[in-house]
């Protein structure tokens with residue numbers, strides 16, 4: 001197995017691939033339950049997916065929080081580097097194999113239905129955080145009072 005990959009590099013490759021599939025992505029997205037998704041992506045039809053990045057087998061085995069992400073997405077995916085033993089990834093989860101420059105979607109996970117209220121709240125929060133991050137990028141000295 002190759003040396004451990006860098007999660008930030010994998011996130012870049014994953015977001016590039018998701019963009020080609022029509023998704024807008026945000027990394028390190030804080031959820032209402034206090035957990036933070038590695039990537040939350042919003043599709044053209046309003047579908048929401050969470051991608052949980054695992055850089056090594058040890059990283060995967062030590063994480064027990066991922067099942068709760070299902071409550072916040074239409075589908076849950078694991079993204080792993082090349083050489084990761086993909087048989088470890090549960091069959092009902094999507095699978096993405098990634099590197100720093102791109103990614104391949106290997107399989108879709110089982111869909112789960114978001115309630116209309118949760119979908120609306122997540123979509124609105126996605127938009128507000130995306131706008132805030134863009135504003136910070138364009139004007140790092142400005143002040144934000146939005147509380148997101």
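Bear in mind that the values in this text are calculations on the coordinates, not laboratory data. Bear in mind the structure is a predicted one, so any value in this text is a computation, not a measurement. Note that each Cβ is placed from the backbone with ideal geometry, even for glycine, and that neighbours are counted across all protein chains shown.
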Would you mind pulling out the separation of the Cα centroids of the stretch 93-142 and the stretch 1-76, in Å? 8 Å
Helix 116-138 versus the longest principal axis of the chain: what angle, 0 to 90°, nearest 10, using Cα atoms? 80 degrees
Against the globular-protein guess of 2.2 N^0.38 Å, express the Cα radius of gyration of the stretch 59-103 as a ratio, rounded to two decimals. 1.19
Given 4 °C and 1.567 mPa s, compute D for the chain with the Stokes-Einstein relation, Rh being the Kirkwood radius over Cα pairs; round to the nearest whole µm²/s. 82 µm²/s
Among 46-59, 29-42, what's the highest-first ranking by average C-beta atoms within 10 angstrom per residue? 46-59, 29-42
Report, in deg cm²/dmol and to the nearest 500, the calculated mean residue ellipticity at 222 nm for the chain, where each DSSP H run with n ≥ 4 adds -39500 (n - 2.57) and the sum is divided by the residue count. -9500 deg cm²/dmol
Averaged across orientations, what area in nm² does the convex hull of the alpha carbons in the stretch 1-67 project? 5.2 nm²
Please sort 131-140, 18-27 by packing, taking for each peptide the average over its residues of neighbouring beta carbons within 10 angstrom, highest first. 18-27, 131-140
